[in-house]
Amino acid sequence: MNKPLSLVKIAQLKIAEVLRDNDSAIDATLGNGYDSLFLANHVSGDGHVFSFDIQQAALDSTHSLLSKYNCRHKVTLFKYSHELIQEIIPADKTANIKTVMYNLGYLPGSDKSVITQPDSTLLSLQSSINLLVKGGRITLVAYTGHPGGYEETEVITNWCCELPKTDFSINTITTGERKNNLADSTPKLVIIDKL
């Protein structure tokens, strides 16, 4: 029996569906750099990846990973919160932002008390939809099984419900897997398409 795809892998497949030549992308939450590596391997031509995290360990890990696969030149790393993406990315580089990826929660293998926060994530999402070109896509993997994760996911879900249906399409995918057998601990993938 084949193992089901993880939500992170599904998010990557959904992003690959929309990226075209010269499109750029944002990795709003670096983590260990795997989404940035994925994006670097899928942008072409004049496309570029802009990646954000507040933790130096995340930037160091991503720098090493990108260097190992010879694609460091395709990615600009920023040690800033994702809520600042619209202010930090140079205005002349924002005309072709086609995708934004989020992988919320905490940096794996690091301090689990440093987590993404609802307020900064909402500010980041608002900036993301402002920067995203029509036909663009945002993927957001939310983990509800850690302290603060369920609350952040609820805030994001409510925010998505307020987006105008004429301009955005929202889909949610869950794995059905639960941590600690808690009904509210099911991870979610939210996909936001700008129509």
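A compact table of results
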{"item": "Hey, VAL133 surrounded by fewer than 16 Cβ atoms within 10 Å (Cβ to Cβ), hydrophobic (A, V, I, L, M, F, W, C) and at pLDDT 90 or above or not", "result": "yes"}
{"item": "Residue that is surrounded by the most Cβ atoms within 10 Å (Cβ to Cβ), among those in region 14-38 that are over 13 Å from the mean Cα position of the chain (by Cα) and not charged (D, E, K, R)", "result": "SER24"}
{"item": "Any pair with Cβ under 8 angstrom, 6 or more apart, that starts in region 175-195 at a residue that is closer than 17 Å to THR121 by Cα and surrounded by 18 or more Cβ atoms within 10 Å (Cβ to Cβ) and ends at one that is at pLDDT below 85 and of a type in the set (D, E, K, R)", "result": "PRO187/GLU177"}
{"item": "Pick from region 136-150, criterion assigned to a loop (DSSP other than H, G, I, E, B) and surrounded by 21 or more Cβ atoms within 10 Å (Cβ to Cβ), ranking: modelled with the highest pLDDT", "result": "GLY136"}
{"item": "Matching residues, region 42-101, being in a helix (DSSP H, G or I) and among the hydrophobic types (A, V, I, L, M, F, W, C)", "result": "ALA57, ALA58, LEU59, LEU65, LEU66, LEU84, ILE85, ILE88, ALA91"}
{"item": "Subset of region 39-60 (residues that are at pLDDT 95 or above and either of a type in the set (Val, Ile, Thr) or buried (at least 22 other Cβ atoms within 10 Å of the Cβ) (or both))", "result": "LEU39, ALA40, VAL43, VAL49, PHE50, SER51, PHE52"}
{"item": "Region 2-29 residues that are within 28 Å of LEU84 (Cβ to Cβ) and in a loop (DSSP other than H, G, I, E, B), paired with ones that are modelled with pLDDT under 95 and among the acidic types (Asp, Glu) (beta carbon under 8 Å, 6 or more apart)", "result": "ASN22/ASP46; THR29/ASP53"}
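The values are calculated or read from the model by the stated rules, or taken from the named source; none is laboratory data. Everything numeric here is computed off the predicted structure, so don't read it as measured data. Positions of Cβ are generated from backbone atoms using ideal geometry, with glycine treated the same way; all protein chains shown enter the neighbour counts.
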